[in-house]
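> Attaching a single structure in structure tokens format; questions to follow.
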């Protein structure tokens, strides 16, 4: 119970920091519908809402799957939809250095949903089935891998993706393709040396890399609050020290996020130089199933908040919204039933893919 | 004949020219130094990285994810330890993605003692490396093998650790690398950067040829009948010398250069032990959970009833480091007389 109270207190602090920064890089919303959403077209807004709902329903389905005993562990992204969905939509999707690379951490569901990942594939991953397209039943939920979309494999050690992202950006720079590399991670992970590595290598004069370096600041490092882990005023200040374009945004607002991402990605494609975004956002179900995976009160719910705005503006009707939620609930439920019937990986398969082309790696057979 | 530094340089040039290598990088790898041991002088695709080992390995992994080929260097293996988790990830990426993300990269790093390098320029890494599933691990003992193994490493679609016995960097071999001029001076004039200003210097590369020394293939360097000695790297040359010395005493030693630590050539080792009935495994990494222990274990398990004596592992003492004073280094690392004494004792042992 004490943890819950502490979370709520912390979320207020984060929320207030977000409010202070609300004007960073974004036009202030005014009365008209157009201004309320900073000029973004209705179709895009409704599409983002649809994907945010889909991602939320999927994550809540994953938690149900875990709690029903159909999975060993859950970690995921409820609360990061307003950040992840615009990111997925703005990514230049494809395979190879001509397209954007994504080095995500374990809260990437909204981005993958926006890129077109079917719900059932995320469910196959958490239920460790052989049909899981990311890992074939070998890794945790949200540890996605989609080489056909340049989505690098997510690994559990935090922040290692910040070093690897340098390599894909380095190759993209060589190809002069205007493609970029995106790296995401949490606020607490910035304590790792790999974060500093990323800033140093990406910003060397004359050798700058086309990277969008991002931090999703939810105010928590597992159970330790932001204040217990940081001395800097903003994480973005660290990027500023390396002369990297930097900004702090309200990552709970999909419109602000979309516009900020669009602007920074355009700048990177044009200049070949890195940008940095610190997105302040919520963590609605704690760190993972290790902390209970229960809904945490007191944090802003970006999906409900955005939906409220769409309803108020008249872009969306209650009945339409209800249908969207219900349709994805149904899809998630049916996917779980389907995946229950699918096989797990075989015991013999442990030796598969130790080496490329399934070259033998079992010393007993050397 | 090339020394090992020249052989590595030529293999990297071959990689740039014929195998699609686009990045050879690490601390001081590019101009003006061309590597702490000069092994990367004069190459087209070299560049200097920040002094950041984790960045070097991360960069290499990212490059490999795009399918492009690179060779990264950690200047001394003593400084690779803060990248262990990245090496683990490089080794498990193909596996955990169910075959979707190969990691074709080469990491080369000098290892071992023998240059009075004190505690942080004398570490070994072969035992540690053998605990990185998904990696292939090679260690040459001659310039010829360094050339061929590095070319094989670059061609390999998996992550390959290329361990360089640093004490052998200036040792010349006995076999010509295909394409290298026979005269030492001529080769030097072609591929060694001059002392002093190198800004206008360009190498004249010999017409080098492909040389595939398959990863996973050992070599019998001294045929013998009474005992099998398995080694690699610097100590392989010591074992060869002992085998030559003992011949005059009527002791016939078969020496095997393992060359690849993983996946290792068990069939060659096994056939030799079946012939001799005796085996010693020699390397300079520390003795507790040493890679030689795995080989000795396997020999015991599979060949127990064919053995005439207990298999023996001769390795570095299990102390925290190699001390600077020669007395300390020599007491920590297997010495020639120690290996020779052990060979005599095992040969004399009867069931």
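> Take the residues of the range B:38-63 that are more than 7 Å from chain A (Cβ to nearest Cβ) and closer than 12 Å to residue B:21 by Cβ: which is surrounded by the fewest Cβ atoms within 10 Å (Cβ to Cβ)?
The residue in question is B:44.
> Now for a separate question. Any residue that is within 11 Å of another protein chain (Cβ to nearest Cβ) and without any contact (Cβ under 8 Å) to a residue 40 or more places away in the chain - is there at least one of those in the range A:176-186?
Within the range A:176-186, none of the residues are within 11 Å of another protein chain (Cβ to nearest Cβ) and without any contact (Cβ under 8 Å) to a residue 40 or more places away in the chain.
> Name the single residue that is farthest from the other protein chains (Cβ to nearest Cβ) among those in the range A:187-202 being crowded, with 24+ Cβ neighbours inside 10 Å and under 19 Å from the mean Cα position of the chain (by Cα).
Looking at the filtered set, the residue picked out is A:190.
> So in the range B:64-82, with the set limited to residues that are more than 9 Å from chain A (Cβ to nearest Cβ) and in contact with a helix residue (DSSP H, G or I) (Cβ under 7 Å, 6 or more places away or on another chain), which one is surrounded by the most Cβ atoms within 10 Å (Cβ to Cβ)?
The selected residue is B:71.
> Kindly list the number of the only condition in (1) assigned to a strand (DSSP E or B); (2) within 13 Å of chain B (Cβ to nearest Cβ) that fails for residue A:205.
The single condition residue A:205 does not satisfy is (1).
> Here's another thing I want to ask about it. Determine which member of the set A:116, A:108 is closer than 19 Å to residue B:100 by Cα, at pLDDT 95 or above and more than 10 Å from the chain's Cα centre (by Cα).
Answer to the check: A:116.
> Answer yes or no: is there a residue in the range A:285-306 that is exposed (fewer than 14 other Cβ atoms within 10 Å of the Cβ), touching a residue at least 24 places away in the same chain (Cβ under 8 Å), within 28 Å of residue A:70 (Cβ to Cβ) and within 14 Å of chain B (Cβ to nearest Cβ).
Scanning the range A:285-306, I find no residue that is exposed (fewer than 14 other Cβ atoms within 10 Å of the Cβ), touching a residue at least 24 places away in the same chain (Cβ under 8 Å), within 28 Å of residue A:70 (Cβ to Cβ) and within 14 Å of chain B (Cβ to nearest Cβ), so the answer is no.
> Additional query: Show me the strands (runs of 3 or more DSSP E) entirely contained within the range B:231-294 in which 2 or more residues are within 14 Å of the chain's Cα centre (by Cα) and under 24 Å from residue B:159 (Cβ atoms).
Ranges flagged: B:260-262, B:279-286.
> Identify all residues within the range A:309-366 that are in a loop (DSSP other than H, G, I, E, B), within 14 Å of chain B (Cβ to nearest Cβ) and surrounded by 11 or more Cβ atoms within 10 Å (Cβ to Cβ); write none if there are none.
Matches in the range A:309-366: A:344, A:345, A:352, A:353, A:354, A:355, A:359, A:360, A:361, A:366.
> Could we say that residue A:233 is outside any loop (DSSP other than H, G, I, E, B) and away from chain B (no Cβ under 13 Å) here?
Criteria not met by residue A:233.
> Give the number of residues within the range A:40-61 that are touching a residue at least 12 places away in the same chain (Cβ under 8 Å) and part of a loop (DSSP other than H, G, I, E, B).
The qualifying residues number 1.
> Please go through the range A:108-133 and pick out each residue that is more than 22 Å from residue A:216 (Cβ to Cβ) and part of a loop (DSSP other than H, G, I, E, B).
Residues satisfying the conditions are A:118, A:127, A:128, A:129, A:130, A:131, A:132, A:133.
Residues are listed down the side, and each one gets a yes or a no for (1) within 10 Å of chain B (Cβ to nearest Cβ); (2) surrounded by fewer than 24 Cβ atoms within 10 Å (Cβ to Cβ); (3) touching a strand residue (DSSP E or B) at 6+ places or on another chain (Cβ under 6 Å):
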| position | (1), (2), (3) |
| --- | --- |
| A:84 | no, no, no |
| A:90 | no, yes, no |
| A:110 | no, no, no |
| A:114 | no, no, no |
| A:125 | no, no, no |
| A:141 | no, no, no |
| A:152 | yes, no, yes |
| A:166 | yes, no, no |
| A:170 | yes, no, no |
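> Please list, ordered by residue number, the helices (runs of 4 or more DSSP H) wholly in the range B:102-205 having 2 or more residues that are touching a strand residue (DSSP E or B) at 6+ places or on another chain (Cβ under 8 Å) and within 14 Å of chain A (Cβ to nearest Cβ).
Qualifying helices (runs of 4 or more DSSP H): B:143-155.
> For the condition surrounded by fewer than 23 Cβ atoms within 10 Å (Cβ to Cβ), more than 14 Å from the chain's Cα centre (by Cα), more than 19 Å from residue B:66 (Cβ to Cβ) and within 14 Å of chain B (Cβ to nearest Cβ), what is the one hit in A:96, A:137?
Numbers: A:96 fails: more than 19 Å from residue B:66 (Cβ to Cβ).
Exactly one of A:96, A:137 is surrounded by fewer than 23 Cβ atoms within 10 Å (Cβ to Cβ), more than 14 Å from the chain's Cα centre (by Cα), more than 19 Å from residue B:66 (Cβ to Cβ) and within 14 Å of chain B (Cβ to nearest Cβ), namely A:137.
> So is residue A:281 closer than 19 Å to residue A:254 by Cβ, over 23 Å from the mean Cα position of the chain (by Cα) and buried (at least 21 other Cβ atoms within 10 Å of the Cβ) or not?
Judged against the criteria, residue A:281 is not a match.
> Identify all residues within the range B:302-316 that are assigned to a strand (DSSP E or B) and within 14 Å of chain A (Cβ to nearest Cβ); write none if there are none.
Listed by number, the list is empty, since nothing qualifies.
> Could you check, for the range B:244-262, whether at least one of its residues is in contact with a helix residue (DSSP H, G or I) (Cβ under 7 Å, 6 or more places away or on another chain), at positive phi and away from chain A (no Cβ under 14 Å)?
No, the range B:244-262 contains no residue that is in contact with a helix residue (DSSP H, G or I) (Cβ under 7 Å, 6 or more places away or on another chain), at positive phi and away from chain A (no Cβ under 14 Å).
> For the range A:342-360, state whether one or more residues are in contact with a helix residue (DSSP H, G or I) (Cβ under 6 Å, 6 or more places away or on another chain) and within 19 Å of residue A:55 (Cα to Cα).
no
> A follow-up question, please. Look through B:273, B:256, B:227 and report the one residue that is buried (at least 19 other Cβ atoms within 10 Å of the Cβ), outside the structural domain of residue B:162 (by TED's automatic domain parsing) and touching a residue at least 60 places away in the same chain (Cβ under 8 Å).
Details: B:273 fails: touching a residue at least 60 places away in the same chain (Cβ under 8 Å); B:256 fails: touching a residue at least 60 places away in the same chain (Cβ under 8 Å).
Matching residue, one of B:273, B:256, B:227: B:227.
> Mind checking whether some residue in the range B:303-310 is out of contact with any helix residue (DSSP H, G or I) (no Cβ under 9 Å at 6 or more places or on another chain) and assigned by TED's automatic domain parsing to the domain that holds residue B:255?
yes
> Using the structure shown, decide if residue B:299 is within 14 Å of chain A (Cβ to nearest Cβ) and in contact with a helix residue (DSSP H, G or I) (Cβ under 6 Å, 6 or more places away or on another chain). If you could, list the steps in order and put the result at the bottom.
Values: within 14 Å of chain A (Cβ to nearest Cβ): yes; in contact with a helix residue (DSSP H, G or I) (Cβ under 6 Å, 6 or more places away or on another chain): yes.
So residue B:299 fits the description; yes.
The values are calculated or read from the model by the stated rules, or taken from the named source; none is laboratory data. Here the structure is a predicted model, which means the values were calculated and not measured. With ideal geometry, Cβ positions are generated from the backbone for all residues, glycine too; neighbour counts draw on all protein chains shown.
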